[in-house]
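One structure is given below, encoded as structure tokens.
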Amino acid sequence: MIKQISSIQNPLIKSLLQLKDKSRERKRSGQFLIEGQREIELAIKGGYELEIILFLEDVFSENDLDILLRKLNIQIELISISKEVYQKLAHRETTEGLLAIAKAKSLDLSGINLKSDKPLILVAEAPEKPGNIGALLRTADAANVDAVIITNPKTDLYNPNIIRSSVGCVFTNQIAFGSTDEILNLLKEKQINILSAALDKRSISYDTVDYTQPSAIVVGTEATGLSEQWLENSTKNIVIPMQGKIDSLNVSVSAAIVIFEAKR
């Protein structure tokens, strides 16, 4: 039996709007919203537990839903929602008519499992803009890095803008949060070279570094760069030489250049 909800005043819908808009509610409940079939499929493959699927039948039919559930091999509560409800909950202007409520995962550093003996890790210090975080996660997925570690985050991982801009790569990467001290201790304990990207007199060109050893590429914000703590604890500080009038690139672009040089 598929439940139907047509009013935005429904208590469940009100709670989902809180999940969509408020980080503190996502943290309190341990839940978040996923929008879109691709993202839902990636979440399932990434080991996330879904609690409810909501669908707009005019866009995503019961037959489409049946095909998806057989493909995902899950049994789950289903709710058909009205167009008015869907438009309130959906984040995108172009839409697929499909939403899910999922359980958040622990993002503790202790959960990181480095299977390679020469891992490549991306560390991002205090990223603030969801679009930049999403782009970093897309790059990390594309290069198949071993882990993404975020230090002193300014937003939570399950912000709808991060999920959207990462095109679901929130679910495909191994991700952890931690303080700078905790992350530095982990990298040093595992004897991973710390390569900090910085406009600094101590920096050397990124393409002169040996990336064949265990490596963590560390990037900071465009506004302030990396903190002194990272620069002082680096194995090497690296820089992408600029040939034009500006002195830096968008953080996700910089990370992509260095990560793919490391992969090469």
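The values are calculated or read from the model by the stated rules, or taken from the named source; none is laboratory data. These figures come from a predicted structure and were not determined experimentally. Reconstructed Cβ throughout: ideal geometry from the backbone, glycine too, with neighbour counts over all protein chains shown. Protein only, heavy atoms only, side chains kept; ligands, DNA and RNA dropped before computing areas. Shrake-Rupley method; radii C 1.70, N 1.55, O 1.52, S 1.80 Å.
Points to keep in mind about this one:
- With Cα atoms defining each centre, segment 72-127 and segment 177-207 are spaced 28 Å apart in the structure.
- Extension gain for Leu249-Asp200 works out to 16.2 nm (0.36 nm per residue, less the C-alpha to C-alpha distance).
- The angle between the Cα long axis of helix 62-72 and the longest principal axis of the Cα atoms of the chain comes to about 40 degrees, rounded to the nearest 10.
- Computed about the Cα centre, the dipole magnitude for the chain is approximately 140 debye when only Lys and Arg (+1) and Asp and Glu (-1) carry charge, each at its Cβ.
- Area of Lys129 that stays accessible when all protein chains are in place (1.4 Å probe, Å², to 10): 130
- Given charges at beta-carbon only (K, R positive; D, E negative), |dipole| of segment 19-66 in Debye: 640
- Overall form of segment 109-264 per C-alpha gyration tensor (a/c, 1.5; a/b vs b/c): rounded
- Contour minus Cα-Cα distance for Glu128 and Glu232 (0.36 nm per residue): 35.2 nm
- Average accessible surface area per residue within the chain, 1.4 Å rolling probe, Å²: 51
- Using the Cβ-Cβ distance between Ile76 and Ser179 with R0 set to 22 Å, the FRET efficiency from 1/(1 + (r/R0)^6) comes to roughly 0.05.
- Note on Kirkwood radius over Cα pairs in Å: of the candidates (i) 19.2; (ii) 19.8; (iii) 20.4, the value calculated from this structure sits at (ii).
- Using a probe radius of 1.4 angstrom, the carbon and sulfur fraction of the accessible surface of the chain is 45%.
- Computed 3J(HN,Hα) for segment 183-188, one whole-Hz value per residue from the Karplus formula 6.51 cos²θ - 1.76 cosθ + 1.60 where θ = phi - 60°, is 6, 4, 4, 4, 5, 5, glycine and proline marked x.
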